[in-house]
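Report on the structure given below.
The values are calculated or read from the model by the stated rules, or taken from the named source; none is laboratory data. None of these values were measured; they are calculated from a predicted model. Glycine gets a Cβ as well: all are built from the backbone with ideal geometry, and neighbour counts include every protein chain shown. Ligands, DNA and RNA are excluded from the accessible area calculation, which covers all protein heavy atoms including side chains. Shrake-Rupley method; radii C 1.70, N 1.55, O 1.52, S 1.80 Å.
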Amino acid sequence: MLKIRNLRAVIDGKEILRGINLDIKAGEIHAIMGPNGSGKSTLAAVLAGNEAFEVIEGSVEFNGKDLLDMSPEDRAREGLFLSFQYPVEIPGVSMTNFLRTALNEQKKYRGEEILSASDFLKLMRDRKKLVDMDSDLTNRSVNEGFSGGEKKKNEIFQMAMLNPGLAILDETDSGLDIDALRVVANGVNKLRRPDNATILITHYQRLLDYIVPDKVHVLFKGQIVKSAGKELAVELEKNGYDWIKQEMEA
Amino acid sequence: MASEQDKLLEEVTNREYQYGFHSDIEMDVLPKGLSEEVVAEISRRKGEPEFMLEYRLKAYRNWLKMKVPDWAHLKINEIDFQDIIYYAAPKKKPRLDSMDDVDPELRATFDKLGIPLDEQKILSGIAVDAIIDSVSVKTTFRETLAEKGIIFCSMSEAIKEHSDLVKKYLGSVVPPEDNYFAALNTAVFSDGSFVYIPKGVRCPMELSSYFRINTMNTGQFERTLIIAEEDSYVSYLEGCTAPMRDENQLHAAVVEIVALERAEVKYSTVQNWYPGDKEGKGGIYNFVTKRGLCKGDYSKISWTQVETGSAITWKYPSCVLMGNNSVGEFYSVALTNNFQQADTGTKMIHLGKNTRSLIVSKGISAGRSQNSYRGLVKVSKNADNARNFSQCDSMLLGDKCGAHTFPYLEINNNTAKVEHEATTSKIGEDQIFYCNQRGINTEDAVGLIVNGYVKEVINQLPMEFAVEAQKLLQISLEGSVG
């Protein structure tokens, strides 16, 4: 589904991603861990097409297509979803209106039929239940006045609505209390299917108690320096990142 | 609203000003230029009573002594007042009682504009007074309104048929010597709408005027007078368009509202005069004086405006809160793009006790445009317990445009409570990217964000107008982000 080869990206002349290689197949959940500043969020931003970052080398293939060649909206329409670390507030735009516009744009792009108002509302009700989303949040403006936890839940709710092929969750667990974490994790687990995949970007192992990854990668100074099964996360939790740093610098 | 929004987003493909056509209607036109003779000729052609002629001439002589105001944050090319046609009327005089008598070309024009003149076609129940260049051509639903004693007709008719009302109220809110453009308007106005709501009557439908400038080099000077008697209510809408022309055309209207005890008047405008092209060539100069007088206790006047058109906008719909406990409101969206300039805002003059006013102004600047909010809140000595709240927000799209806020306060009573909040924001790249990431392209994202930003104001408009206003905002911003 996703094939990243030697991906290098810079911001303000500083190289943040220094040759990433990663393969993700349908049905898989990958965790990307690493110390602060290792480039985890940059990887998410570059995949989503954030123009603040410049790709200077490498390729990314998404479902056989050249991802880097596409606009951010086309990447979304092709089924790439980013759960933002800091979801953005859009005052005055209702969640309903926002999601309906988004979903319809995606459907139009794929040549699918646009949902009628009543079908859309039915879908919303259904998805809200699935991710345990409070009803009144969808009546409010996009993320406006939401608490940190509500914003994260809202990201998962949008993911449930848009039903992406590949979801990238950028530190979705950070700042969540244990209940909110469980809600988010449940949502991700329920949305898991054989034909979609998830990248979990996280600093802590805690989330991985609820979402079991197929693979764990350690990102360090812009490169993936270690890849293994879920046991790697446990090891990182126990020993921190220092041993990796030492290993790298040795 | 969600489905409307979607439809609007789909509809937006038209990058140019879409009302820029010109219709070939046979017109009765006075030669260019302004003089006492022209003023007298306008009055004569309209068959006005003597008092109007004198009133006009007095205003004209006053105007000669006045100067174009230069205090606004506007760059205005000198206007040659002798190069303007002051009177242009469709030659075929439409009889107002039957649609069949209206020039087919004229009907086609209004069809193109989407203005329903055909009463059967109106589902929304809006009574329309359509004004082309200088003359009111058709007022719909007159009979229905007349049953309730409501008068909704052209100003020319009102002058002839309701001259005591006109005599009593015309110029009572905006006197002829008020300002340069009001004086000019008083001298040469050729038509406009007249509304009279009798005591205790709630007007059962929205009343609407549609203004269009058609003939080249014409100025449009319409005059509107709304009188709401005790305990009455009316909601009035105004829309405007003009053909695309290389030269600037002048529009200098005057609107006066009088609200007596416990009367309420809502006045909404969607202003879409031709703004000029992308290089700033052409467009309408819009110099308008709008003022409402809350004459009676507990009366209320509410202005809502969505300003997207005109090369230059100079406009300050105001409320004089004379009655005790009267209320004035001003909701405004002013959008400028390309080389447009807007200097707009309001004046809230608190004279009575316990008077309240609310100002919500949302400016949006794009391209190389300049957008200014100018507002005065004045509390006079006797206006005990006056309250005002002002919220003035500006949004910038791009870095070549300007947003300015000029709030003025004159408080002469220490029981007054006046609050002013102002914000300036740039449309955030993070907001746009967030939308992009959900599959919404940048242009649609900007439309969505802007419509969210102006929601408070748009919500004040009647439904049909709200939809049109949203569409206009979207169209006006086309190509401004990239």
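Structural remarks
- Options B:GLU464, B:GLU456, B:GLU419; residue that is under 30 Å from B:VAL234 (Cα atoms), at the interface with chain A (Cβ under 10 Å from one of its Cβ atoms) and either open to solvent by 40 Å² or more (accessible area, probe 1.4 Å) or assigned to a loop (DSSP other than H, G, I, E, B) (or both): B:GLU456
- Residue within the range B:204-213 that is charged (D, E, K, R), touching a helix residue (DSSP H, G or I) at 6+ places or on another chain (Cβ under 9 Å), open to solvent by less than 10 Å² (accessible area, probe 1.4 Å) and at pLDDT 80 or above present: no
- Within the range B:158-215, being free of Cβ contacts under 8 Å to residues at least 24 places away in the same chain and assigned to a helix (DSSP H, G or I) holds for B:GLU161, B:ASP164, B:LYS168.
- Residue check for B:SER332: more than 29 Å from B:ASP70 (Cβ to Cβ) and either in a strand (DSSP E or B) or hydroxyl-bearing (Ser, Thr, Tyr) (or both): no
- Hey, B:VAL255 part of a strand (DSSP E or B), more than 14 Å from the chain's Cα centre (by Cα), surrounded by 24 or more Cβ atoms within 10 Å (Cβ to Cβ) and modelled with pLDDT of 85 or more or not: no
- Subset of the range A:71-98 that is more than 18 Å from the chain's Cα centre (by Cα), crowded, with 19+ Cβ neighbours inside 10 Å and in a strand (DSSP E or B) - its residue that is farthest from the other protein chains (Cβ to nearest Cβ): A:SER94
- Residues in the range B:428-444 that are open to solvent by 30 Å² or more (accessible area, probe 1.4 Å) and within 7 Å of chain A (Cβ to nearest Cβ): 2 in all.
- Of all the numbered requirements in (1) out of contact with any Pro (no Cβ under 9 Å at 6 or more places or on another chain); (2) open to solvent by less than 60 Å² (accessible area, probe 1.4 Å); (3) modelled with pLDDT under 60, B:PHE110 misses one, and that requirement is (1).
- Selected residue (only one of B:SER302, B:SER332, B:SER235 is small (Gly, Ala, Ser) and buried (at least 24 other Cβ atoms within 10 Å of the Cβ)): B:SER332
- Scanning the range A:127-161 for residues that are within 14 Å of chain B (Cβ to nearest Cβ), in a helix (DSSP H, G or I) and more than 20 Å from the chain's Cα centre (by Cα) returns A:THR138, A:ASN139.
For (1) in contact (Cβ under 8 Å) with a residue 24 or more places away in the chain; (2) over 30 Å from A:ARG8 (Cβ atoms); (3) surrounded by fewer than 21 Cβ atoms within 10 Å (Cβ to Cβ), each residue gets a yes or a no:
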| residue | (1), (2), (3) |
| --- | --- |
| A:ASP69 | no, no, yes |
| A:ARG100 | no, yes, no |
| A:LEU103 | yes, yes, no |
| A:SER141 | yes, yes, yes |
| A:GLU144 | yes, yes, yes |
